[in-house]
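Student: Dumping the structure here so I can ask a few things about it.
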Amino acid sequence: MTDASQGVAFSRPMVAGNWKMHTTVDEGVALARAVCAAVAATRRVDVAVLPPFTHLWAVRPVLEGTGVRLGAQDVFWKGSGAFTGEISPAMLAGWCDMTLVGHSERRHLFGERDDEVGKKFVASLAHGLQVILAVGETSEERDDGRTFDVVDRQLDAVFAELDGPPAVDAWVIAYEPVWAIGTGRTATPEQAQDVVAHIKQHVRARFLDGSPRVLYGGSVTPANAASLFAERDIDGALVGGVSLRAEEFGVIVAAAETAASARDTD
Ligand code: 13P
């Protein structure tokens, strides 16, 4: 992988499917099988699925040997204790590959604070889990011209919890404008590129090691994926609704594969 801090785009994108609160366990196992089949020809893209917690253990063996990675949609920051209903990173470590923290639904529907997101981030890393950190502004914040301030604040709250820079491959950022999630109103490639480039700049200003990959999320579909991936700084996608449809998800992964080949031959 090429470090974006050197001014060269990453050559290995990531496409992750956030299933949110969808599917029964049986349906989830079937979906995981279908996803593995749909992305079987993938060589240049890190593919991940993020099923609900109840499904993780059942989905794990389905992914064995396929290269598709397994992620949890959230995690608590404590290792163990009297925290009814929570799942700790220690419970996921060793068999689950990654966590997602700071998703806007956690922030806005469940009142998760920036510092809590930071604690979840650090706890995941400490347990050897790769972390996808989601950031993004609401439509009001965008209209007020505060998009950069909001993502900077969300990132800085996480950095405040860190002792040093995480390894560049240990984390991934997902830029997900709240107004684009589940609305069918995708950010234009230019809008997404603009914020993703800003995020990378902000991270590089903080960590000389450079920026991790930055994905775009929010109404990504087979119809718009290629144009998003053609942007210089967009290193893949975090997909919601379409990740429940394996074939269409596979088309998005294939678009990332094509973009990766194009970047290689640039
Ligand atoms: P949609 O793709 O359904 O807009 O959801 C995006 C998302 O929230 C992924 O985490």
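Student: Tell me what the chain gives for mean residue ellipticity at 222 nm when only DSSP H runs of n ≥ 4 count, each as -39,500 (n - 2.57), the sum divided by the residue total, rounded to 500 deg cm²/dmol.
Tutor: Taken over the chain, the calculation gives -12000 deg cm²/dmol.
Student: Further question: Report the calculated FRET efficiency for residue 188 and residue 153 (r = Cβ-Cβ distance, R0 = 25 Å), to the nearest 0.05.
Tutor: After rounding to 0.05, the efficiency reads 0.60.
Student: Spelling out what I want: for every residue of segment 220-229, take phi, set θ = phi - 60°, compute 6.51 cos²θ - 1.76 cosθ + 1.60 (Karplus), and round to whole Hz; glycine and proline get x.
Tutor: Ordered by residue, 3J(HN,Hα) equals 6, 9, x, 6, 10, 4, 4, 5, 5, 6 Hz.
Student: Check the straight Cα-Cα distances from residue 120 and name the aspartates and glutamates below 16 Å, setting aside those fewer than 8 residues away within the same chain.
Tutor: The qualifying aspartates and glutamates are 74, 86, 97, 105, 112, 156, 161, 163.
Student: Over the alpha-carbon set of segment 89-158, work out the extent along each principal axis and list the three values in angstrom, largest first.
Tutor: Answer, in whole Å and largest first: 43, 22, 17 Å.
Student: Just going by the charge dipole of segment 1-119, with Lys and Arg at +1 and Asp and Glu at -1 on Cβ, which of 108, 84, 58 is farthest out on the positive end?
Tutor: Of the candidates, 58 comes out farthest on the positive side.
Student: For residue 138, which sequence-distant residues (separation of 5 or more, or a different chain) have an amide H within less than 5 Å of its own amide H, given hydrogens modelled in the peptide plane?
Tutor: Counting only residues 5 or more places away or on other chains, the set is 178.
Student: How far is it, in nm, from the label point at residue 109 to the one at residue 66 when both lie 7 Å from their Cα along the line to the Cβ?
Tutor: Those two pseudo-labels are separated by 2.5 nm.
Student: Please check which bits of segment 55-83 a label hung off residue 169 would reach, taking the label as a point 7 Å along Cα-to-C-beta and the cut-off as backbone N under 17 Å.
Tutor: Backbone N within reach: 67-70.
Student: Quick check: residue separation of residue 261 and residue 21 times 0.36 nm, minus the Cα distance between them. What number comes out in nm?
Tutor: On the way: separation 240, 0.36 × 240 = 86.40 nm, distance 3.37 nm.
Net length gain for the segment: 83.0 nm.
Student: For residue 237, which sequence-distant residues (separation of 5 or more, or a different chain) have an amide H within less than 5 Å of its own amide H, given hydrogens modelled in the peptide plane?
Tutor: HN-HN under 5 Å from residue 237: 14, 15, 16, 216.
Student: Can you tell me how much longer the chain between residue 54 and residue 232 gets when fully stretched, taken as 0.36 nm per residue apart minus their C-alpha distance, in nm with one decimal?
Tutor: 60.4 nm
Student: Just the ratio, please: alpha-carbon radius of gyration of segment 25-83 over 2.2 N^0.38 Å, N its number of residues.
Tutor: Values: Rg = 13.2 Å, N = 59, 2.2 N^0.38 = 10.4 Å.
Dividing the Cα Rg of segment 25-83 by 2.2 N^0.38 Å gives 1.28.
Student: To the nearest 10 Å², what's residue 80's accessible area with a 1.4 Å probe?
Tutor: Rounded to the nearest 10, that gives 90 Å².
Student: Taking amide H positions as placed in the peptide plane 1.01 Å from N, state which residues far from residue 99 in sequence (5 or more) or on other chains have amide H under 5 Å from it.
Tutor: Hits under the 5 Å cutoff: 72, 130, 131, 132.
Student: Step through the residues of segment 141-158 one at a time and calculate ³J(HN,Hα) from phi using the Karplus curve (6.51 cos²θ - 1.76 cosθ + 1.60, θ = phi - 60°), rounding each to whole Hz and writing x for Gly and Pro.
Tutor: 3J(HN,Hα) across segment 141-158, in whole Hz: 4, 5, 4, 7, x, 10, 3, 5, 4, 5, 5, 4, 4, 5, 5, 4, 5, 6.
Student: On a C-alpha basis, how far is the centre of segment 71-135 from the centre of segment 206-266 in Å? Whole number, if you could?
Tutor: Cα centroid to Cα centroid, the span is 23 Å.
Student: Take the Cα coordinates of the chain, assign each an equal point scatterer, and use the Debye formula without solvent to give log10 I(q)/I(0) at q = 0.12, 0.14 Å⁻¹.
Tutor: Debye output, listed in q order: -0.65, -0.92.
The values are calculated or read from the model by the stated rules, or taken from the named source; none is laboratory data. Because the structure is predicted, anything quoted here is derived from the model rather than measured. Positions of Cβ are generated from backbone atoms using ideal geometry, with glycine treated the same way; all protein chains shown enter the neighbour counts. Just the protein is used for accessible areas: all its heavy atoms, side chains included, with ligands, DNA and RNA removed. Shrake-Rupley method; radii C 1.70, N 1.55, O 1.52, S 1.80 Å.
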